[in-house]
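The values are calculated or read from the model by the stated rules, or taken from the named source; none is laboratory data. Bear in mind that the values here come from a model prediction, so they are computed numbers and not experimental data. Here the Cβ is made from the backbone with ideal geometry for all residues, glycine too, and neighbour counts use every protein chain on show.
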Amino acid sequence: MTPVVFVHGLWLHHTSWQPWVDLFRESGFDPVAPPWPGEPDTVEQARADPAPMGGFGVGEVVDHYAALIGGLDGKPVVVGHSFGGLIAQVLLGRGLAAAGVAIDPAPIKGVLPLPVSSLRVASIALRNPANRKGTVALTPEQWRYGFTNTRTEAEATELYERCAMPSPGRPLFQAAFANVNPAAATKVDLLKPDRGPLLITAGGQDHTVAESISRYTAKLHRRSPAVTSVKAFPDRDHSLTINSDWREVADYVLAWLKEQGLP
């Protein structure tokens, strides 16, 4: 069976992927959803003591997943959301993945659009330089704006209580200053001709990763002759992997992987 590695982004716990893990296993894949470095077993533990997660940046997280991939039986499909989508692109560019799926991915080095809504979400961490070494949590109001702006109040509250947790602030600083840093951790090999196929999704109502960011990311990847696909979900916000309509996104990803000959 083809392995699948799910990579979450900021403010979500690795267990948020469990419905996807179950679906992909039923569909003939061999999926895992590992934690980030320092991430505890439960959301409750992460809220109670987020300190062990502080200070980790994109490079350390990529290396963490690369080491895990090295222990698998064959190259996996890497499916990432938000900063997990950025990490999926880096791993794909390193030749470590058979295919990549970047769901509303955080901006890689070279992405130029900076929509006001995305800047507003990132500023939660960027306004305090101490967050480079620590963790950042979202208030319910910040979660509502950044993740669940299209959901009902009741669902937004339920998702916050079940899924939201503090996350390291350093990746946000790395993404924010990547275009003036020649050695940026968010740099991706955009010219690799033999990389695996890549699917990028765009949420039309996503405040955290605006649709323009996803589309510009795809434009950069099309410098390579390898397959780069884009799928827009016009009515979706940043919670599209965890909200009550997650299955539509997951089913599209499975159909796209089948088109690529996977599994």
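Once region 235-261 is narrowed to residues that are surrounded by fewer than 18 Cβ atoms within 10 Å (Cβ to Cβ) and in contact with a strand residue (DSSP E or B) (Cβ under 8 Å, 6 or more places away or on another chain), the residue that is nearest to P140 (Cα to Cα) is E248.
For region 64-90, give me each residue that is more than 22 Å from D237 (Cβ to Cβ) and either buried (at least 24 other Cβ atoms within 10 Å of the Cβ) or not hydrophobic (A, V, I, L, M, F, W, C) (or both). Walk me through it before giving the result.
So in region 64-90, the residues more than 22 Å from D237 (Cβ to Cβ) come out as 64-78, 90.
Matches in region 64-90: H64, Y65, G70, G71, D73, G74, K75, P76, V77, V78, V90.
Being closer than 19 Å to A185 by Cβ, over 13 Å from the mean Cα position of the chain (by Cα) and not in a helix (DSSP H, G or I) holds for only one residue in G74, G38, and it is G38.
Of the helices (runs of 4 or more DSSP H) lying entirely inside region 110-193, the ones with 2 or more residues being surrounded by fewer than 19 Cβ atoms within 10 Å (Cβ to Cβ) and among the small types (G, A, S) are found at 116-126.
Of everything listed in (1) part of a loop (DSSP other than H, G, I, E, B); (2) in contact (Cβ under 8 Å) with a residue 40 or more places away in the chain; (3) within 24 Å of T201 (Cβ to Cβ); (4) under 18 Å from the mean Cα position of the chain (by Cα), the single unmet condition for F56 is (3). The set of residues in region 163-204 being closer than 15 Å to P107 by Cβ, of a type in the set (S, T, Y) and in contact with a strand residue (DSSP E or B) (Cβ under 7 Å, 6 or more places away or on another chain) consists of T201 alone.
Annotation note: Cβ proximity below 6 Å between a residue of region 5-23 that is among the β-branched types (V, I, T) and a residue that is in a loop (DSSP other than H, G, I, E, B) and at pLDDT 95 or above (sequence gap 6+ or interchain) occurs for V5/P76; V21/A33. Within region 1-21, the set of residues being assigned to a loop (DSSP other than H, G, I, E, B) and more than 30 Å from F173 (Cβ to Cβ) comprises M1, T2.
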